[in-house]
Amino acid sequence: KFVGPNFTESYCWPPAARGCDVVAISWQGNDPLIYIPPLLTCLQSESCYKALPKRDAPLALILCPGWKKAQLVFELLKTYGMCSRQLHPMLVILGQNKEAGSVKIQGCEVIVTTPYSLLRLFEHQGLLFCQLCHLVLDEIEVLFSDAAEQVFAILDCYKKAFGAEKQECSPRQIIAVGTRWHKHIAPLAEEFMDDPYIVITTVEEASIYGNVQQVVQPCMNSERTSVLLRILGCTPSDLQKVLVFTDSVNEAEMVHEALKSSSVTSLKIHKESKFHFKYILEQWTKKYSSGTCTVLVLTDDCMQSLGITDATCVIHFSLPSPRILGQRLRSMSDNFCPVTKKACVAQEHTEARSVMLLTENSGCHALEILQYLQRAGAEMPPELHGFTAKMLEAEEEKKLSRPLCAYLKTFGICKNRTTCPERHQINLQIDVVQNVLDDKITQLPGYVTILPLNVVNATNYFGRIVDKEKDQYTILAEEMKEYFEKPSNKIPATTVQKLGFYGLCEEAFFHRVQVVEIPPKEEENLFFSVKIKYIDEGRTSQVQNYHLLHLPEKFQHLPPQAVEFVLCRVKPIDNELEWNPKVTRYIKQKIKGKLHEAKVVHTLGNTAWVDPMVGTELIPALKVAINEYNVRAEILSTGLGADNPEHVTQLRKL
């Protein structure tokens, strides 16, 4: 079902399939198909590896930023590997316990893993790198951001192993792919790669690689023209070719007139201009005497027609969107001076410069542009710190109707706050208690008894708070069972409405459910599927409308009983954002449907944070309950969980 390589793959596959070192930065840089087909192509040629020592070690190693991406790459390898010789790929995700010693890699030619897992494996498998030929770094910018020390340690091991074995006749290849340039990619290419192919299909990332000097100039909107004149007056005396980008015809005319009145010779072009593109290009390319500065004022819609690539300076009189920024920077591409080759470039090379005028009226893209400029190494004036904080605050205000961020609730922090679509501050209108639950959730002194029924992950569950003396839901459940067991009471719902409450029979159990979603136009059909929420358990499901039963009013008086529980002070290892399914499965088997004693340390709306949470077992003969296990300790014992001491502190700050 593969139709062919996309733009980036068309550039990456040929050098990668020839065994060359490759760096690829692209919007599609997180797609494993950039490297899997050429890697499999290389591995087909068994004769290339005849000079290698015969040892049980892999030929190829794929490093991924986390277990989830590693799982995806492994599945793709199995799918596309069916067309090739047997490579016996292996997925290796190891925790902090001693399981690394029991991993057997005999016959495995490709290992997919993470930096932390690989180093744990290497402690027990000393010959892991002895015949390694291909090292792939997937999502390189994430690897360097989250595990730079570990990645460089692996690169050093690879380099030393290759030199020690004197494998000159064997392939040696490093492939690094990602969506963004990172400062560590330059030393990776210089110290560990041999004349790599560097493929960058996003111009804004190419400009970072090309060492474009990024300048941020904060000013009042009314001062932009005088700031522009000052910038042009400070340009170096050698030949400069300057583009001044504006976002409208009126702005272009205004800037052009201001330059003319200040005796700055300039050209202008926009869609209403009387000059043709041919004339402007003739003037732009004309040979001028040394010390002359050529200035062209233009609007963004003229860029493609002009096709300019030899500008030495771009001034952004108006703030662009990230997409338009890339197009503007492309006009200086002839003067990009790659970081890895800068030392070899002659002194007369003109350094490309991009100047951004940032005002109080800078639009909705200001935050994205500022984040890009910081990555590009631009020096941020102190007055911008307050501006950035206000922009972040404004972005958060837009999210006020969104749910509270799950990462914030579960771990106390959100690592991707600027890109996360969820809310990161309290909104009392949403977060106040929506269901009274007989004051269980608002006034929870000390320990309570909880019953987890829906395990979302290792530390996030939905369930009920159980009153051991007289539990209202237990009474309701018995009454519902008695009522619905009479065939005459099983009345199918005649009309199904969104947010309506209904009964549902599952095997011998009867549940209260609420319809949360009805697909458009489905109501016109006799039978259709709806999304429901089990209001006393917290889980959701899809059911056919004819399975829903009429729920008498007397069964609707008790508020929904489902409460969200979050276990505190534990998080995934290795900077992972999500729990490994192994841990979630283990905890689910351990706690689902069993009574636990838990201390509530915080409540917000329908969520209770608990620490500790202990599984108990009743001994009838002695009429006492004993603590069987501590859930947090059970998670830590898997080796895939780590201490998170700041969790409760961060919640209190929130």
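The values are calculated or read from the model by the stated rules, or taken from the named source; none is laboratory data. Keep in mind it's a predicted model, so treat the numbers as computed, not measured. Positions of Cβ are generated from backbone atoms using ideal geometry, with glycine treated the same way; all protein chains shown enter the neighbour counts. In case anyone asks, the SASA skips ligands and DNA or RNA and just uses the protein heavy atoms, side chains included. Shrake-Rupley method; radii C 1.70, N 1.55, O 1.52, S 1.80 Å.
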Amide H proximity to Ile573 below 5 Å, modelled H, separation 5+ or other chain, gives Gly641, Ala642
Can you list the lysines whose alpha carbon sits under 29 Å from that of Lys653, skipping same-chain ones fewer than 8 residues off?
Lys390, Lys398, Lys399, Lys409, Lys415, Lys440, Lys571, Lys599
Just to verify a number: FRET efficiency for Ser45 and Gln71, C-beta to C-beta distance, R0 = 22 Å, to 0.05?
0.20
With every protein chain left in place, what is the accessible area of Asp301 in Å² (1.4 Å probe, nearest 10)?
90 Å²
Whats the longest run of the chain with zero GluC sites (Glu not before Pro) that are DSSP loop and have at most 13 other Cβ atoms within 10 Å?
1-167
Excluding residues on the same chain fewer than 8 positions from Lys498, give the lysines whose Cα lies under 21 Å from its Cα.
Lys490, Lys521, Lys531, Lys533, Lys554
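Could you work out how much longer the chain between Phe527 and Glu506 gets when fully extended? Use 0.36 nm per residue separation minus the Cα distance between them, nm to one decimal.
5.7 nm
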Obtain the nm distance between the two label points defined at Asn630 and Ile430 by a simple spin-label model: each point lies 7 Å from its Cα along the Cα-to-C-beta direction.
3.5 nm
Tell me, what HN-Hα J-couplings in whole Hz come from the Karplus equation 6.51 cos²θ - 1.76 cosθ + 1.60 at θ = phi - 60° for each residue of the range 211-228, using x for Gly and Pro?
6, 5, 6, 9, 10, 9, 10, x, 6, 6, 4, 6, 9, 4, 5, 5, 5, 4
Scanning the chain for chymotrypsin sites (Phe, Trp or Tyr not before Pro) in DSSP loops with at most 15 other Cβ atoms within 10 Å, what's the longest stretch left with none?
28-274
Enter the accessible area of Met303 (Å², nearest 10), with the probe set to 1.4 Å and all protein chains included.
30 Å²
Quick one: if you stick a label point 7 Å off each Cα along the C-beta vector at Asp643 and Glu482, how many nm between them?
5.3 nm
With a 1.4 Å probe and every protein chain left in place, tell me how much accessible area His124 has, in Å² to the nearest 10.
100 Å²
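With a/c under 1.5 counting as rounded, go ahead and sort the range 209-394 into rounded, prolate or oblate using the C-alpha gyration tensor (a ≥ b ≥ c being the square roots of the eigenvalues; past the cut-off, prolate if a/b is larger than b/c, else oblate). Intermediate values should be presented prior to the final figure.
Working: a/c = 1.62, a/b = 1.16, b/c = 1.39.
Verdict is oblate for the range 209-394.
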Quick one: Karplus J couplings for the range 54-71, per residue in order, coefficients 6.51, -1.76, 1.60, θ = phi - 60°, nearest Hz, x for Gly and Pro?
7, 9, 7, 8, x, 8, 9, 9, 10, 9, 10, x, x, 4, 5, 5, 4, 4
Counting only residues 5 or more apart in sequence or on a different chain, those whose built amide H sits under 5 Å from that of Val199 are Val23, Ala24, Ile25
I'd like the FRET efficiency for Gln542 and Ala148, computed as 1/(1 + (r/R0)^6) with the beta carbon distance as r and R0 of 45 Å, rounded to 0.05.
0.55
For the chain, how big is Rg over Rh, using alpha carbon atoms and the Kirkwood form of Rh?
1.05
How much accessible area per residue does the chain have, in Å², with a 1.4 Å probe?
50 Å²
Contour excess over end-to-end distance, with Cα ends at Ile491 and Lys274 and 0.36 nm allotted per residue
70.4 nm
In nanometres, the difference between 0.36 nm per residue of separation and the alpha-carbon distance of Met220 and Lys390 is 59.6 nm
Estimated 222 nm signal from helices in the chain, with DSSP H stretches of n ≥ 4 weighted -39500 (n - 2.57), rounded to 500
-9500 deg cm²/dmol
Given H placed on each backbone N at 1.01 Å, which residues far from Ser331 in sequence or on other chains put an amide H within less than 5 Å of it?
none
